[in-house]
Amino acid sequence: MGIGEWVAPRRLGRDFRWLLASSWTSNIGDGIALAASPLLIASMTDSPVLVASGAVMRFLPWLLFGLHAGAIADRVDRRVLIMCANGIRALVLVALCAFLITGTASIWIVLAVAFVYGCAEVFVDTTSSTLLPMMVKKKDLGIGNARLQAGFLVANQFGGPPLGAFLFALGSFWPFAVQAICVALAVVLISRIARTRVPARESDGGRPAVHTDIVEGIRWLWRNPPVRTLVIIILTFNITWAAPWGVLVLYATEHLQMGPVGYGALTTASAIGGLLSTVSFGWLERRFSFATLMRVCLSAEVAMHLAFALTTSGAVAFVIMIAFGAYAFVWGTISTTVRQRLVPHELQGRIASVNIVGVFGGLVIGQAIGGVIAQFWGLTAPWWFAFAGAAVTLVLVWRPISHIAAARVDDGTDAAG
């Protein structure tokens, strides 16, 4: 089997290859910004509040517009929506480059650009998650999601940040110029796929308001026990995960005595584990049920929290982080695949948006809890909180996981079936 066939199997179709190419290209640009954006803000201000505001701009648009993005994605041609939103992202980056080159950029302009860019990104990411179920058979969703996630790991987590830091050293505008090119190229690539309009729903009157569509999606989610439980699991485990992750830099540099370089290596280790899983996911999917893999991943999450709470060795922490990346990749791929199999095409956008809003909401709640716990009880306390919370949650969802993972795969249907 050639490398091209392994990366994008022919059976997944031509449209999947264009989607994959667009996703990977866009992720390179986002990875560049992952390092360059904080560097730019830090070069303009030493205010912790303003520096933190740059990070807030990453999740605030999701909380404000995430549900609306899902509803709109279920109304229009999804390919066109992604192209328009990416076009806005590219224009915003070009404007930022102009401000930087002319020396007229200020911290307020940068934060405003980050917010507008983040709003457009909400529509891109929400809508992109709905395309795969329209392109491939349900039995191929697992491998399709694995390949998309592999691009995220390689481009966004590995390749992009070092490139972004290098480009920033050459000039503050260079990383954003390259990012604009990547986003613009992603528009061209996604334009090559077939139309992705959701079939219109029958209605006695005109098109309902957006908030009506949002309520319809939430109501469907609440009345569907497997998907509802899956979303609750993701929300809960994100709260417990984010509690220690919010103070990870202090845990690594002060508790483990790893220093800044060691902390950087620790955060990269998870991507190494994720890449290992990309190679083995197809093998795992063929040999184990999704229910078994989901239980193993959640059990590993509980064990990971306990291991971090107990260890005082940076080398051991590095190994734990590699294992975390490995099982987190498998969990993310499976949970996305299961949700896509269970949700009708006309609701994919709204249910995906509820899921993503839950993820970001969990991160905000968890980081707030973790900061308070660490302040009063020390840097290992958030890991103990995460261990206890994840363990209790795992016990409660152990049996329901079988029902969640029992998404029926219809081998005889096509991508739109």
What FRET efficiency, computed as 1/(1 + (r/R0)^6) with R0 = 30 Å and r the Cβ-Cβ distance, is obtained for Arg219 and Trp398, rounded to the nearest 0.05?
0.65
Given contacts defined as C-alpha pairs under 8 Å and at least six residues apart, what's the relative contact order of segment 177-331, whole-number percent?
26 percent
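Just subtract the alpha-carbon distance of Ala315 and Gln375 from 0.36 nm times their residue separation and send over the number in nm, one decimal. List each step's numbers first, then the result.
On the way: separation 60, 0.36 × 60 = 21.60 nm, distance 2.54 nm.
Value of the extension gain: 19.1 nm.
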Rounded to the nearest 10 Å², what accessible area does Trp174 show when all protein chains are kept and the probe is 1.4 Å?
110 Å²
Rounded to the nearest Å, the spacing of the alpha-carbon centers of segment 330-364 and segment 270-301 is 18 Å
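Determine the gain in length on full extension of the stretch Leu250-Asp77; use 0.36 nm per residue of separation and subtract their C-alpha separation, reporting nm with one decimal.
Stretched out fully, the Leu250 to Asp77 stretch lengthens by 57.7 nm.
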Explain nothing, just compute: Karplus ³J(HN,Hα) = 6.51 cos²θ - 1.76 cosθ + 1.60, θ = phi - 60°, for every residue of segment 308-313 in order, whole Hz, x for Gly and Pro.
5, 5, 8, 6, 10, 10
What shape does segment 277-372 have by the C-alpha gyration tensor, where a ≥ b ≥ c are the square roots of the eigenvalues, rounded means a/c under 1.5, and otherwise prolate means a/b greater than b/c and oblate the rest?
oblate
Starting from the Cα gyration tensor of segment 31-140, take the square roots of the eigenvalues, sort them a ≥ b ≥ c, and report rounded, prolate or oblate (rounded when a/c is under 1.5, otherwise prolate if a/b is larger than b/c, else oblate).
prolate
Just to be sure I understand: with springs between alpha-carbon atoms less than 10 Å apart, which residue in Phe376, Phe360, Phe237 has the highest mean-square fluctuation in the Gaussian network model of the chain?
Phe376
In nm, spacing of pseudo-spin labels at Arg286 and Ala42 (7 Å Cα→C-beta vector)
4.5 nm
I need to check one value: relative contact order of segment 281-373, counting alpha carbon pairs closer than 8 Å and at least 6 residues apart, in percent.
28 percent
Test of understanding: what is the full-extension gain from Ile181 to Leu276, defined as 0.36 nm times their sequence separation minus their Cα-Cα distance?
31.2 nm
Taking 8 Å as the Cα distance limit and 6 or more residues as the minimum spacing, I'd like the relative contact order of segment 36-180 as a percentage.
36 percent
Assuming R0 = 30 Å, can you tell me the calculated FRET efficiency for the pair Gln257 and Ala368, based on Cβ-Cβ distance, to the nearest 0.05?
0.65
If you find the alpha carbon centre of segment 52-102 and of segment 212-266, how far apart are they in angstrom?
22 Å
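The values are calculated or read from the model by the stated rules, or taken from the named source; none is laboratory data. Predicted model, so just to flag it, every value in this text is computed and none were measured. Virtual Cβ from ideal backbone geometry, glycine too; neighbours counted across all protein chains shown. All accessible areas refer to the heavy atoms of the entire protein, side chains included, with ligands and DNA or RNA removed. Shrake-Rupley method; radii C 1.70, N 1.55, O 1.52, S 1.80 Å.
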